[in-house]
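*Asks:* This is the structure I have questions about; it appears just below.
The values are calculated or read from the model by the stated rules, or taken from the named source; none is laboratory data. Bear in mind that the values here come from a model prediction, so they are computed numbers and not experimental data. Reconstructed Cβ throughout: ideal geometry from the backbone, glycine too, with neighbour counts over all protein chains shown. We work out accessible area using only protein heavy atoms, side chains counted, and drop any ligands, DNA or RNA first. Shrake-Rupley method; radii C 1.70, N 1.55, O 1.52, S 1.80 Å.
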Amino acid sequence: AQSVTQPDIHITVSEGASLELRCNYSYGATPYLFWYVQSPGQGLQLLLKYFSGDTLVQGIKGFEAEFKRSQSSFNLRKPSVHWSDAAEYFCAVAGFKNNDMRFGAGTRLTVKP
Amino acid sequence: DTGVSQNPRHKITKRGQNVTFRCDPISEHNRLYWYRQTLGQGPEFLTYFQNEAQLEKSRLLSDRFSAERPKGSFSTLEIQRTEQGDSAMYLCASSPLGVREQFFGPGTRLTVL
């Protein structure tokens with residue numbers, strides 16, 4: 001069965017600092033991988049996705065993520081964090097045949113001024 | 001295109017009452033999904049429709065939960081005889097056929113007293 005682990009429940013970074021949010025997945029084949037962001041009281045917004053091809057994918061708002069098959073990871077990065085990036089971030093995995101997504105528990109990002 | 005909409009945004013009910021939530025997907029999106037999100041967790045898949053057909057419902061939490069999409073457009077999620085443990089955010093998402101990413105609505109927050 002597919003599953004997602006986000007090891008960090010809460011991360012605090014200073015504005016302008018770099019960011020890396022970790023995501024590890026479990027799936028028997030090449031998965032479809034996603035990062036979503038959720039602001040308080042809001043739905044989820046897709047940041048980026050990986051299906052195949054280039055393992056470094058670019059997303060919106062300056063985010064990128066790298067798929068590493070050998071480590072079963074899909075970590076999210078941003079070179080310089082802005083105060084507006086404070087939110088909850090979710091990694092998700094979907095299978096080729098499945099139509100549901102499995103989400104991690106999320107990482108809450110706090111940005112210090 | 002106004003995105004996925006959900007109504008109501010908030011619902012407070014007493015234990016034992018029935019509640020119904022509505023989801024209007026993005027126009028022409030064939031697939032519609034329901035998720036539950038509890039505090040501090042990622043969304044948990046409940047069920048999904050392709051047009052009016054409910055193709056997966058084994059993950060509905062109990063027989064008190066049911067969903068419909070009678071004309072392949074909007075969908076409703078009903079919870080009968082609500083319990084305090086049903087308090088959560090209920091999210092709806094939609095996607096076109098052949099597209100893996102899902103587009104989420106703002107959610108309906110249910111509080112059962």
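*Asks:* Are any residues in the range B:43-66 in a loop (DSSP other than H, G, I, E, B) and out of contact with any Lys or Arg (no Cβ under 8 Å at 6 or more places or on another chain), and if so, which ones? Break it down stepwise before answering.
*Replies:* Pass one, the range B:43-66, residues in a loop (DSSP other than H, G, I, E, B): B:43, B:51-52, B:57-64.
Hits for the range B:43-66 are B:Lys57, B:Ser58, B:Arg59, B:Leu60, B:Ser62, B:Asp63.
*Asks:* Which of the residues spanning the range A:73-111 are open to solvent by 30 Å² or more (accessible area, probe 1.4 Å) and under 10 Å from A:Val4 (Cβ atoms)?
*Replies:* A:Arg102, A:Ala105
*Asks:* Additional query: In the list A:Phe67, A:Phe51, which residue meets the criterion of being touching a Ser or Thr at 6+ places or on another chain (Cβ under 7 Å) and either more than 14 Å from chain B (Cβ to nearest Cβ) or open to solvent by 20 Å² or more (accessible area, probe 1.4 Å) (or both)? Explain how you work it out, then say what you get.
*Replies:* Details: A:Phe51 fails: touching a Ser or Thr at 6+ places or on another chain (Cβ under 7 Å).
Answer to the check: A:Phe67.
*Asks:* So, one more: How many residues does the range B:96-113 contain that are within 11 Å of another protein chain (Cβ to nearest Cβ) and open to solvent by less than 10 Å² (accessible area, probe 1.4 Å)? Break it down into steps so the answer makes sense when it comes.
*Replies:* Here is the first cut: in the range B:96-113, the ones within 11 Å of another protein chain (Cβ to nearest Cβ) are B:97, B:99-109.
Among the residues that remain, those that are also open to solvent by less than 10 Å² (accessible area, probe 1.4 Å) are: B:102, B:105, B:107-108.
Going through the range B:96-113 one residue at a time, the tally reaches 4.
*Asks:* In the set A:Gly62, A:Gly53, which member is without any contact (Cβ under 8 Å) to a residue 12 or more places away in the chain and on the phi > 0 side of the Ramachandran plot?
*Replies:* On the way: A:Gly62 fails: without any contact (Cβ under 8 Å) to a residue 12 or more places away in the chain.
The unique qualifying residue is A:Gly53.
*Asks:* Only one of (1) crowded, with 18+ Cβ neighbours inside 10 Å; (2) modelled with pLDDT of 95 or more; (3) within 10 Å of the chain's Cα centre (by Cα) fails for B:Leu46. Which number is that?
*Replies:* Condition not satisfied by B:Leu46: (2).
*Asks:* Test A:Pro31 against the stated conditions and say whether it is crowded, with 19+ Cβ neighbours inside 10 Å and within 14 Å of chain B (Cβ to nearest Cβ).
*Replies:* Values: crowded, with 19+ Cβ neighbours inside 10 Å: yes; within 14 Å of chain B (Cβ to nearest Cβ): yes.
Yes.
*Asks:* Against the conditions (1) without any contact (Cβ under 8 Å) to a residue 60 or more places away in the chain; (2) crowded, with 19+ Cβ neighbours inside 10 Å; (3) not β-branched (Val, Ile, Thr), where does A:Cys23 fall short? Just the number, please.
*Replies:* (1)
*Asks:* Give me the residue from the range B:67-95 that is acidic (Asp, Glu) and not in a strand (DSSP E or B) and, out of that set, most open to solvent (accessible area, probe 1.4 Å). Outline the logic, then answer.
*Replies:* Our first condition is that a residue be acidic (Asp, Glu); within the range B:67-95, this holds for B:68, B:78, B:83, B:86.
Adding the requirement that they be not in a strand (DSSP E or B) leaves B:83, B:86.
On the way: B:Glu83: 91, B:Asp86: 7 Å².
Of everything passing the filter in the range B:67-95, B:Glu83 is most open to solvent (accessible area, probe 1.4 Å).
*Asks:* Check off (1) away from chain B (no Cβ under 11 Å); (2) on the phi > 0 side of the Ramachandran plot; (3) in a loop (DSSP other than H, G, I, E, B) for A:Ser80 and give me the number that stays unchecked.
*Replies:* The failed condition is (2).
*Asks:* Moving on. Counting residues that are touching a residue at least 40 places away in the same chain (Cβ under 8 Å), open to solvent by less than 90 Å² (accessible area, probe 1.4 Å) and not basic (Lys, Arg), which strands (runs of 3 or more DSSP E) fully inside the range B:1-40 reach at least 3?
*Replies:* Values: elements: B:5-7, B:10-13, B:19-24, B:31-37.
The qualifying strands (runs of 3 or more DSSP E) are B:5-7, B:19-24, B:31-37.
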